[in-house]
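To keep things clear, I will list the structure first and then write my remarks on it.
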Amino acid sequence: MRWNQVDQQAHVEVLVVGISGNQPVEERIRSLYPDRLDEWVRRGDISTKQGELRLLPTLTGTVERVLFVGLGKAEGLTTDSLRRLLGKAAQFLKARKLAKVTVDATTFPNQPVELIAEAFGLATYDVKHYKTSTHATYELDLTIWSDAGEQDVVRGAALAEATNLARRLVTMPGNLLTAPALADEARFIAERYGHELQILEKEEMEALGMGALLAVNQGSTIPPKLIVLEYKGAGDEAPIAVVGKGVTFDTGGYSIKPKDGIVGMKGDMGGAAAVLGLFEALGQLKPNVNVLGVIPATDNMISGDAFKPDDVITSMAGKTIEILNTDAEGRLVLADAVTYAKEYKPKMIIDLATLTGGVLVALGTEITGALTNDAALYERFEAVTQETNEMIWQMPYVDQFIKQVRRSDVADLNNSPGRMGHMIFGGAFVGEFVGDTPWLHLDIAGTSEQKAASELGPKGATGVMVRSLYRFVEQEK
Ligand code: BES
Ligand code: MN
Ligand code: ZN
């Protein structure tokens, strides 16, 4: 993606302009249609209604066509409706195979350069597939005209790319994106940007006593990996720890999922994908913060070696856990990952996980469920999600639930107190390993994938929370 000063001489294949009901069209655009434009707008041939798109050739040489994007009343546009309008325009051009696109940012409210780059990058994402038939891929070549600096384009483009990286990983099947393959993906990112990377192997996990993560891996022939990434942009300040569930396929284990519930469980590493997306954005944008990323990666399989209900395991923190349900595996891998993250004395911990079906029942597919032990941290993160439109909603992290997580005749904790309110049990279990560190738990089981396409991307993986995480850590400096 490129940024340019408005260049009246440049040859443009398609120029995207905003057109609103209550603001005159700029002379520069009007001059492309001598005498006629106002009339066409008046007649509605070019509509100023919000979301209407009109693609017209021009009568002059330098700009070949214009895509008019109806803005409605410009003041009435929220950031998100503008983002969606831009995404809709991007998809309209993509459908017509128009890849060399220039957007005149000066015709949109407040010259939203970052938003334009972000929306175009998100909206034109192609789902990776394994079909043997070839098909033309769409390579967007975007130029943005603006009086503002280039920095905003770079940010918008980077955040879209980082989100798309997460989407790609979530879409990959479990046989191809195994725990070792996920570790390789982390290695690519680390090598590209110079992040510090450590991959803890099974033997090291054994030495550290990570009995919870190891229990989940016990039935698998594929070794687990604990992926540890460090981004250092702020000297020796305490890092923000971001921990992402990396279950590369979740069968449920002996508490096996029904045949319909198992399909799609390749996406059970959405939290891990968000962490890797964050490190992609950190690598590209280099803010002055320290971030620690921890990803417990394994699949959850069945075999003669697999863990099973009634087993009692010992976590790295030393807490013993009675297994009541092997399908409540996410909280187990997170327990050891959070304990490991705490060794770095982080100033806060954010964990992300496709953790419970309960969050889907409670909040649906557009709102991420949250728990926290720190109201101020929640508020700061929530403010960021208003900008990115990745909505979160806080559930009660209260004694009634914590008590039930601690109820067991044989161990310190149990991993599945019951179905009623189980999104909260999942988070509260992780909370047992967090201690006093400010903590935010994000259950993205409902938001990590969507059943239908939107203006900002195809159906399937959303890359949810990559943009919010980046903006959040950047502002915490
Ligand atoms: N990975 C699932 C949660 C999930 C469900 C993610 C649907 C995406 C879509 C998780 O490991 C799980 O199986 N959770 C159980 C918890 C229960 C056993 C307490 C669930 O939600 O039923
Ligand atoms: Mn499960
Ligand atoms: Zn799971």
Scoring only Lys, Arg, Asp and Glu (+1, +1, -1, -1) among other residues with Cβ under 15 Å from the Cβ of Arg406 yields -1
Over all directions, the chain yields a Cα convex hull whose mean projected area in nm² is 23.6 nm²
Which of Lys232/Lys347; Lys225/Lys266; Lys266/Lys459; Lys128/Lys459; Lys257/Lys459 exceed 19 Å between C-alpha atoms? The answer is Lys257/Lys459
In order over the range 118-135: 3J(HN,Hα) from phi, Karplus 6.51/-1.76/1.60, θ = phi - 60°, whole Hz, x for each Gly or Pro, gives 5, 5, 5, x, 6, 5, 9, 4, 9, 6, 6, 9, 10, 6, 7, 5, 7, 8
Treating only Lys and Arg (+1) and Asp and Glu (-1) as charged, each at its beta carbon, one finds that the range 1-121 has a dipole about its Cα centre, in Debye to the nearest 20, of 460 debye
If R0 = 22 Å, then Arg36 and Gln8, at their Cβ-Cβ distance, give a FRET efficiency to the nearest 0.05 of 0.70
Per the 1/(1 + (r/R0)^6) rule, R0 = 22 Å and r from the Cβ atoms of Ala375 and Arg407, FRET efficiency to 0.05 is 0.25
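Which trypsin sites (Lys or Arg not before Pro) from the range 11-44 combine a DSSP loop assignment with at most 13 other Cβ atoms within 10 Å?
Those that pass, being in a loop and sparsely packed, are Arg36.
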In this structure, the FRET efficiency calculated for Arg43 and Arg419 from their beta-carbon separation, with R0 = 56 Å, to the nearest 0.05, is 0.40
Within the under-11-Å Cβ sphere about Asp351, not counting Asp351, Lys/Arg +1 and Asp/Glu -1 give a net charge of +1
The alpha-carbon center of the range 316-395 and that of the range 1-60 are separated, in whole Å, by 46 Å
Rounded to whole angstrom, the alpha-carbon centroid of the range 167-186 lies from that of the range 138-161 at a distance of 28 Å
Correct response: the longest run of the chain lacking exposed GluC sites (Glu not before Pro), defined by DSSP loop and at most 15 other Cβ within 10 Å, is 27-138
Whole-Hz Karplus couplings 3J(HN,Hα) for the range 330-341, θ = phi - 60° and coefficients 6.51, -1.76, 1.60, Gly and Pro as x, run x, 5, 6, 5, 5, 4, 6, 5, 5, 4, 5, 4
With label points set 7 Å from each Cα along the Cα-to-Cβ direction at Ala234 and Asn22, the distance between them in nm comes to 4.1 nm
Between Val242 and residues 5 or more places away or on another chain, the pairs with built amide H atoms under 5 Å apart involve Leu292, Gly293, Val294, Ile350
To the nearest 20 debye, the chain has a Cα-centred charge dipole, built from +1 on Lys and Arg Cβ and -1 on Asp and Glu Cβ, of 1280 debye
Calculated from DSSP helices alone, with each H run of at least 4 adding -39500 (n - 2.57) and the total divided by the residues of the chain, [θ]222 nm to the nearest 500 comes to -10500 deg cm²/dmol
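A short reminder: the numbers here are calculations on the coordinates, not readings from a lab. What you see is a predicted model, and the numbers here were worked out from it, not measured in a lab. As a convention, Cβ positions derive from the backbone with ideal geometry for all residues, glycine included, and neighbour counts pool all protein chains shown.
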